[in-house]
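Student: Shown below is the structure under consideration.
The values are calculated or read from the model by the stated rules, or taken from the named source; none is laboratory data. Since the structure is predicted, the reported quantities are computational estimates derived from the model, not experimental observations. So basically every Cβ, Gly included, is an ideal-geometry build from the backbone, and we count neighbours across all protein chains shown. Heavy atoms of the whole protein, side chains included, go into the accessibility calculation; ligands, DNA and RNA do not. Shrake-Rupley method; radii C 1.70, N 1.55, O 1.52, S 1.80 Å.
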Amino acid sequence: MTTAGRGFVAARRYVRSFEFATATRIIFGAGTLREAGPIAKEFGDRALVVTGKSVERASPLLSLLNESRVASTPFPVSGEPTTDAVVRGAQLGKKEQCDAVIGFGGGSAIDAGKAIAALMSNEGDVFDYLEVIGRGKPLVHPPEPFIAIPTTAGTGAEVTRNAVLASPEHRVKVSLRSRLMLAKVALVDPESTYDLPPGLTASTGLDALTQLIEPYVSCKANPLTDAICVEGIRRVARSLRRAFGNGADKVAREDMALSSLFGGLALANAGLGAVHGFAAPIGGMFPAPHGTVCAALLPQVMELNVRALRERAPDGESLLRYDAIARLLTGSETATAGDGIAWVRGLCRDLRIPPLRVYGISVNDFSLLVEKSAKASSMKANPIALTAEELKEILERAL
Ligand SMILES: [Zn+2]
């Protein structure tokens, strides 16, 4: 047996203590959407269904709920959810006396649903509970039961414990976060992603890849998240180009839905890194989709991290992990970190990922972005603390 495609197994003789928490139930497989009706019925007779901007797209789900005699109240959210939108959603859910919340759509709809479920059962202002710009108080009561059904393959939001919300007045995106917000059921049906257009397949797929690479090199990685990341990276490597080139490729779609789920499992338990540290303030200040921002930053962050590790932690484990990523991505047993970075660059080019300047970002924004990203929760899990100069260099290269 060769080592090609194998991950890195830490040489340590002991494991740091860790915790792993996820959705109560995860149901995965083509055709599993059919189970949505009976699952929702377990929680009651009326569900608030949080969707993307088109409720129409959720009509198969609404029919299934109807067949199981679950009444539904749709609540569409256009774009990434704002604090105002989730407050309105929670008011609607309470007024309609919904017994459960279903998030059906991309990461935005799922995060909106997650936050709405939390606000329906916790009194007060959303800012009481928000990180960074709010008071960051813990939730007092468990949220209303939440069922997550993703229709894109990238964010893994169905198994994460935070909802990313935009606060337009603060020009920032921040999280409402609690272990209590984990879904009661994550229902992942790859068939729901068959009609995703190539552009969205690319951006969400590269978010998934980022959410597997960052937890794998994170300083909070543990053996359980490592195993998940290795398997996920391998599947993205073999299937993202195929799903982009032919959306009807069922095997590739299944791989990507699974990789997205794995990314969510990994990031919720091992954290992220500098790519996501930048993605939060960039997403708050510019109308830039999360996945393409991450994709534009990913090879640059990998390169700067590897350089900083070589300079300041040459004997640490993280460099070996970047070598392992290169083997997984390229399938070559002799690949090293640089080959992995080149592979990711090639993928971004083939999937037509634009540079950051297309969103109106310029060098004048760098100081503020560096300052804001240094405070982002994801930055703390980066394998090495990057200097302000290094952070600026990442932005220059991604521009
Ligand atoms: Zn992400």
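Student: How far is helix 223-245 tilted, in degrees, relative to the longest principal axis of the Cα atoms in the chain, given as a value from 0 to 90 rounded to the nearest 10?
Tutor: With both axes taken from Cα atoms, the answer is about 90 degrees.
Student: Okay, moving on. Give me the 1.4 Å probe accessible area per residue for segment 258-342, excluding ligands and nucleic acids, in Å².
Tutor: On the way: 2380 Å² over 85 residues.
For segment 258-342, the per-residue accessible area is 28 Å².
Student: I've got another one for you. Packing-wise, with mean Cβ within 10 Å as the measure, how do 275-281, 321-327 rank, highest first?
Tutor: Numbers: 275-281: 26.7, 321-327: 24.1.
Listed from highest to lowest mean packing, they are 275-281, 321-327.
Student: Further, regarding this structure: Which of these, GLU80, GLU317, GLU214, has the largest mean-square fluctuation under a Gaussian network model of the chain (Cα springs below 10 Å)?
Tutor: In this elastic network of the chain, the residue with the biggest mean-square fluctuation among GLU80, GLU317, GLU214 is GLU317.
Student: For the chain, set up a GNM with springs between Cα atoms under 10 Å and report which of ILE282, ILE147, ILE353 has the largest fluctuation.
Tutor: ILE353
Student: Once the mean 1/r over all distinct Cα pairs of segment 107-217 is inverted, what Kirkwood radius in angstroms do you read off? Write out the running numbers ahead of the final one.
Tutor: Details: mean 1/r = 0.0670 Å⁻¹.
Kirkwood radius, segment 107-217: 14.9 Å.
Student: Give me the tail of P(r) for segment 28-161 as a percent: Cα-Cα pairs with distance above 26 Å.
Tutor: Values: 1440 of 8911 pairs.
Percentage above 26 Å: 16.
Student: Separate question: Enter the accessible area per residue of segment 29-87 (Å², integer; probe 1.4 Å; all protein chains in place). Walk me through the intermediate numbers first.
Tutor: Details: 2790 Å² over 59 residues.
Ligands and nucleic acids excluded, the figure is 47 Å² per residue.
Student: In whole Hz, with x marking every Gly and Pro, tabulate ³J(HN,Hα) for segment 38-55 from phi via Karplus 6.51 cos²θ - 1.76 cosθ + 1.60, θ = phi - 60°.
Tutor: Using θ = phi - 60°, the values come out as x, 5, 5, 4, 4, 9, x, 9, 9, 10, 7, 9, 8, 10, x, 5, 9, 5 Hz.
Student: Moving to a separate point now. Once a ≥ b ≥ c are taken as the square roots of the eigenvalues of the Cα gyration tensor of segment 260-308, is the result rounded (a/c under 1.5), prolate (a/b larger than b/c) or oblate (a/b not larger than b/c)?
Tutor: Details: a/c = 1.83, a/b = 1.05, b/c = 1.74.
The shape class here is oblate.
Student: For the chain, place one equal point scatterer on every Cα, skip the solvent, and apply the Debye formula. What is log10 of I(q)/I(0) at q = 0.07 Å⁻¹?
Tutor: -0.30
Student: Follow-up. Among bridges DSSP assigns within the chain, what percent are antiparallel (round to 5)? Working shown, then result.
Tutor: On the way: 7 of 30 bridges.
Here the share of antiparallel DSSP bridges comes out near 25 percent.
Student: Still on this model: With θ taken as phi - 60° and the coefficients 6.51, -1.76 and 1.60, list the Karplus ³J(HN,Hα) couplings across segment 76-88 in order, rounded to whole Hz; mark glycine and proline as x.
Tutor: Those phi angles translate into x, 10, 9, x, 6, x, 9, 4, 4, 4, 6, 5, 5 Hz.
Student: Next question. How many angstrom lie between the C-alpha centres of segment 98-162 and segment 327-362?
Tutor: Result: 32 Å between the Cα centres.
Student: With the other protein chains left in place, how much accessible area per residue, in square angstrom, belongs to segment 196-250 at a 1.4 angstrom probe?
Tutor: Working: 1820 Å² over 55 residues.
Each residue of segment 196-250 exposes 33 Å² on average to a 1.4 Å probe.
Student: Oh, and also: Round to a whole number: what % of the accessible area of segment 346-399 belongs to carbon and sulfur, probe 1.4 Å? Mind showing how you got there, number by number?
Tutor: Values: 1470 of 2790 Å².
Within segment 346-399, the accessible surface is 53 percent carbon and sulfur.
Student: Apply the Kirkwood formula to segment 264-399: the hydrodynamic radius equals the inverse of the mean of 1/r over all pairs of different alpha-carbon atoms; give it in Å with one decimal. Don't skip to the answer; put the middle values down first.
Tutor: Numbers: mean 1/r = 0.0655 Å⁻¹.
Radius from the Kirkwood sum: 15.3 Å.
Student: Please report, as a whole percent, how much of the solvent-accessible surface of segment 155-235 comes from carbon and sulfur atoms (probe radius 1.4 Å). Walk me through the numbers before you get to the answer.
Tutor: On the way: 1380 of 2470 Å².
Of all accessible area on segment 155-235, carbon and sulfur atoms account for 56 percent.
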